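In what follows, a structure is listed as structure tokens, so that the remarks can point back to it.
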Amino acid sequence: MSQTTLTLAPKDYKSEVKPTWCPGCGDFGVLNAIYNSLSVLKLPPDETVVVSGIGCSSRLPHFVQTFGFHSLHGRALPVAQGMKMARPDLTVLAVGGDGDMFSIGAGHLIHAALRNIDITVVVMDNETYGLTKGQTSPTSPTGHVTKSTPYGLLASQFNPIATALSLNVSFVARGFSSRPKELAALIEQGIQHKGFSFIHVLSPCPTFYNTMDTWKTTVTPMPVEHDTRNRFKAMELSMETAKPFVGLFYRDERTTMDEAAHKMTQQSSAFDINKYMARYK
Ligand SMILES: Cc1ncc(C[n+]2csc(CCOP(=O)(O)OP(=O)(O)O)c2C)c(N)n1
Ligand code: SF4
């Protein structure tokens, strides 16, 4: 598609590859929200890249008419961070599932959070491993019965928002796939935020663990009085797992590692090695 003929409407971000998700999969809502947020920001497709790991949700880059990188299970974040460091001019999104980001990729999530590189992460959380047919994931509730846990899951349930806040992630939000307009606005803000933006999305898997009806009744809008600079209050709200709040929990503007590293590189290019070595003669 010629870039010059694009109006950058949501449809212009649709690739020729049709989504292969099951009917009713929450990931359709997330995909639409991504099309809309890219369109609102009028991001040039050739200056945008969507990176993923492996999973049903990680197929998403195929359906977006930007650059894309379908990497390895759990490895979207190292790839996305490397891209941003090498090409700071690109808008970089990393997407994936709860298994991808909180299980095999959990170590990368911790260090990406601490680095605060300017990328936006969208996690489609269905509390299960969809692609491999419904095993438990870190966000599955304790007691959850699956083929791999026939007597019920014994582990505690992972709390993505509390974890992100404890790691001092500079932008922490939650959306719901059935509220794509709100979700698009959050993704838009996340992309605009300078730093590591973490967007946790409740995105049900009707095929292997249908949480749609539960989330439709329990999902709660963020209290209007919430001060998004108050990390302690955000942490308290994140503990309300029975009524998951959606909206922006926390935001903090601070230097990003990509900015700091590029500044350091400029300073070091002025460094004269011969002058330094002369001290040892
Ligand atoms: C290194 C490696 N280990 C395990 C797998 C098998 N595997 C593929 S996808 C997946 C989990 C998918 O769950 P999630 O990331 O939550 O995505 P979803 O399919 O639910 O969207 C697993 C365990 C793999 N592909 N590679
Ligand atoms: S198995 Fe679940 S997560 Fe995967 S496409 Fe189907 S509904 Fe979506």
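The values are calculated or read from the model by the stated rules, or taken from the named source; none is laboratory data. Being a predicted model, the structure only gives us computed values, none of them experimental. Ideal geometry is used to build each Cβ from the backbone, glycine not excepted, and the neighbour counts take in all protein chains shown.
Test Ser166 against the stated conditions and say whether it is surrounded by fewer than 16 Cβ atoms within 10 Å (Cβ to Cβ), of a type outside the set (Lys, Arg), out of contact with any Pro (no Cβ under 6 Å at 6 or more places or on another chain) and at pLDDT below 95.
So Ser166 fails the test.
If I ask for residues that are in contact (Cβ under 8 Å) with a residue 60 or more places away in the chain and loosely packed, with under 13 Cβ neighbours inside 10 Å, which ones from region 231-240 would you list?
Answer for region 231-240, where residues must be in contact (Cβ under 8 Å) with a residue 60 or more places away in the chain and loosely packed, with under 13 Cβ neighbours inside 10 Å: just Met239.
For region 114-137, what are the residues that are under 21 Å from Leu60 (Cβ atoms) and either away from ligand 2 (no atom under 16 Å from the Cβ) or charged (D, E, K, R) (or both)?
Ile117, Asp118, Ile119, Thr120, Val121, Asp125, Glu127, Lys133
Please work out which residue is farthest from Asp258 (Cα to Cα), limiting yourself to region 42-89 and to residues that are touching a His at 6+ places or on another chain (Cβ under 6 Å) and in a helix (DSSP H, G or I).
Pro61
May I ask you to list the residues in region 245-272 that are surrounded by fewer than 16 Cβ atoms within 10 Å (Cβ to Cβ) and small (Gly, Ala, Ser)?
Ala260, Ala261, Ser268, Ser269, Ala270 - these are the residues of region 245-272 that are surrounded by fewer than 16 Cβ atoms within 10 Å (Cβ to Cβ) and small (Gly, Ala, Ser).
Quick check on this structure: which one of Glu240, Glu182, Glu236, Glu188 is more than 16 Å from ligand 2 (Cβ to nearest atom), charged (D, E, K, R) and not in a helix (DSSP H, G or I)?
Exactly one residue qualifies, and that residue is Glu240.
Take Ser156 and tell me if it is without any contact (Cβ under 8 Å) to a residue 24 or more places away in the chain, surrounded by fewer than 21 Cβ atoms within 10 Å (Cβ to Cβ) and on the phi < 0 side of the Ramachandran plot.
yes
From the list Leu154, Leu93, Leu165, which residue is assigned to a helix (DSSP H, G or I) and not charged (D, E, K, R)?
One residue alone meets the criteria, Leu165.
Among residues belonging to region 38-67 that are away from ligand 2 (no atom under 16 Å from the Cβ) and within 14 Å of the chain's Cα centre (by Cα), point out the one that is surrounded by the most Cβ atoms within 10 Å (Cβ to Cβ).
The selected residue is Val51.
If you check every pair at least six apart or on different chains, which have Cβ atoms under 7 Å apart with a residue in region 256-281 that is within 25 Å of Gln81 (Cβ to Cβ) first and a residue that is among the β-branched types (Val, Ile, Thr) second?
Correct list of pairs: Thr256/Ile117; Met257/Ile117; Asp258/Ile117.
Among the residues in region 117-133, are any at pLDDT 95 or above, surrounded by fewer than 24 Cβ atoms within 10 Å (Cβ to Cβ) and not in a loop (DSSP other than H, G, I, E, B)?
no
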